[in-house]
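Let me begin by presenting the structure, written as structure tokens, before commenting on it.
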Amino acid sequence: MEHNTGKHSFLSNILGRVFLFGVFIVVLRFAYVVTLTGESCDRRDFCFFSLPEDLNLIIPSVGTGAASAIGTANKAFRSTSVGPSGGDLYTSKDWIKAVQFYSSIFQDLITEGYLAPTSKSLCVESASGQDVFSLKEIGVEDSVGIFKKASKPLVIKGEAHRIPFENNTFDFIFCGGGGINKSPRPLAVAAEIARTLKPEGFMVVHVSVNDTYSLNSFLDLFHSFKLVKYHDIEGYGLSMPNFREIVLKKEGDFVLGHGSKEGENKCLVPAHKRDLVRKAEPLISEEPLKPWITLKRNIKNVKYLPSMADISFKSRYVYIDVGARSYGSSIGSWFKKQYPKQNHTFDVYAIEADKTFHEQYKLKKGITLLPYAAWVRNETLSFEVNRDPGKEVMDKGRGMGRIQPVKTSLRGTSNGEVDEIEGFDFANWLKNTVEERDFVVMKMDVEGTEFDLIPRLFETGAICLIDEIFLECHYNRWQRCCPGQRSSKYENTYGQCLDLFSSLRYSGVLVHQWW
């Protein structure tokens, strides 16, 4: 009997110690999760029990209203989430930090009168719904978010460029986290916001804009809105540590599209474009004896516009090569390879009157060929295919071409081939093809016609549609073949070319000398 009693006591001690060790492990795990990581014990992968569903978790410095909201959100999330870790979303440190941040933002907007508890509100590009949660927490109950992947009950499925609501639905629309910065279709996003926001409603957006050019490009997307205010804010995460908060007010009904009013020709280049001109490389004041060598040296100094400013908020991106010649002449060899496009896809227009080059463009995707001569009006022109003295005519190059109206034909005064071609009003075409909110780059090599086309661009106001120009100005250069002699092909002097460049820059146009 004594032997059996001792054996039973020994087993009891073993079981007791195992039980105590198990309790110790559970308590230690619970203390680690709650105390160190800030998470609840509602995790099925390690907990042996769950927190009561009606337990409210208080978010420090947010307010007691958040407690009941979290409890409600947790219940709803448990009933809709299928992921193993979904229940932790509303109690994670990142979530709490984001809620605190957005609550502060929205409380300030309420104080300033841009948001009210009765506002029907939409959060665009709300990936996890912290902004929606914050609106509800401070009392803006009629709030919802949209994202490409739903995160119910706060966020439903929907994309910023295709908002799933009717016209004039919301009093307040918010887009945080640099959502518009990341969108490949900012104009479509702007149009949808304008469509779904009520007249007199407010839009608040957080964007990363570091220069006046990008700020004005952003504002150009919202032509039916009035800028109320903007200021810089320190963010809460590494993805967007600093940003600019912009408040806009919708004025009247939204109308898609804009542009110059009919009959309005004159334009004033805005100040933010003039600022870029002041940063441009200096003009070459003295006539270079060897222009191509000078260009090769100077091209390293060229300040491209995308290297000075963010062009992300433009509606579309356009490159126009006036006097394109062959594809490899400048489109393939320079623009495609060297121009800093900031990862944007450009629509390319090649304007070339010489039919020798037309066939190769049929095989090039993304390039629109205009087989005409850029001119100041629509009319038939004489087109001269010529060459410099001492050079053989070759099919691949054929020399550069000059154009003149038929009534002042070059026949009898030319040592090259003369054809009749169709010219078109380039300035008028430009106004019908692009808008102010597009990003437009132009290269112009038109064998002296620049002295006709540039004044026409100013006369019609089309010059304001161009963001950056690479201009080859033609003048009576010294001839390689004949030392001491200037070419008789052009009448203008280098001084006149320099005046043309100077007048463009003085007017606020970013132009570069090109050869």
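The values are calculated or read from the model by the stated rules, or taken from the named source; none is laboratory data. Since we're looking at a predicted model, the values are computed, not measured. Positions of Cβ are generated from backbone atoms using ideal geometry, with glycine treated the same way; all protein chains shown enter the neighbour counts. The area values use the complete protein model at the heavy-atom level, side chains included, leaving out ligands, DNA and RNA. Shrake-Rupley method; radii C 1.70, N 1.55, O 1.52, S 1.80 Å.
When restricted to residues that are under 24 Å from Ser151 (Cα atoms) and either among the small types (Gly, Ala, Ser) or not assigned by the TED database to the domain that holds Ile180 (or both), region 110-126 contains 3.
Count, please, the residues in region 96-113 that happen to be without any contact (Cβ under 8 Å) to a residue 24 or more places away in the chain and either open to solvent by less than 20 Å² (accessible area, probe 1.4 Å) or within 16 Å of Glu234 (Cα to Cα) (or both). Qualifying residue count for the region: 2. For region 433-449, the set of residues classified as surrounded by 23 or more Cβ atoms within 10 Å (Cβ to Cβ) and over 28 Å from the mean Cα position of the chain (by Cα) consists of Val446, Thr449, listed by residue number.
Restricting attention to region 275-321, the residues being closer than 28 Å to Thr212 by Cβ and of a type outside the set (Val, Ile, Thr) number 26.
Take region 446-477 and flag every residue that is in a loop (DSSP other than H, G, I, E, B) and at pLDDT below 95. I'd like the intermediate steps shown before the answer.
Initially, region 446-477 is screened for residues in a loop (DSSP other than H, G, I, E, B), giving 446-449, 461, 466-467, 472-477.
Within region 446-477, Val446, Glu447, Gly448, Thr449, Gly461, Glu472, Cys473, His474, Tyr475, Asn476, Arg477 meet the criteria.
If you scan region 228-246, which residues turn out to be of a type in the set (A, V, I, L, M, F, W, C), more than 19 Å from the chain's Cα centre (by Cα) and in a strand (DSSP E or B)?
First, pick out the residues of region 228-246 that are of a type in the set (A, V, I, L, M, F, W, C): 228, 233, 238, 240, 243, 246.
Remaining after also requiring more than 19 Å from the chain's Cα centre (by Cα): 228, 233, 238.
Residues satisfying the conditions are Val228, Ile233.
Kindly establish whether Arg278 is closer than 21 Å to His474 by Cβ, of a type in the set (Lys, Arg) and open to solvent by 30 Å² or more (accessible area, probe 1.4 Å).
On the way: closer than 21 Å to His474 by Cβ: no; of a type in the set (Lys, Arg): yes; open to solvent by 30 Å² or more (accessible area, probe 1.4 Å): yes.
The answer is no for Arg278.
Checking each residue in region 146-166 for being over 18 Å from Arg195 (Cβ atoms) and surrounded by 15 or more Cβ atoms within 10 Å (Cβ to Cβ) picks out Phe147, Ala150, Ser151, Pro153, Leu154, Val155.
So in region 120-145, with the set limited to residues that are in a loop (DSSP other than H, G, I, E, B) and of a type in the set (Gly, Ala, Ser), which one is farthest from Glu192 (Cα to Cα)?
Step one: filter region 120-145 for residues in a loop (DSSP other than H, G, I, E, B), giving 120, 125-129, 138-142.
Of the ones still in play, those that are also of a type in the set (Gly, Ala, Ser) are 126-129, 139.
Numbers: Ser126: 16, Ala127: 18, Ser128: 21, Gly129: 20, Gly139: 26 Å.
So, considering only residues that are in a loop (DSSP other than H, G, I, E, B) and of a type in the set (Gly, Ala, Ser), the one farthest from Glu192 (Cα to Cα) is Gly139.
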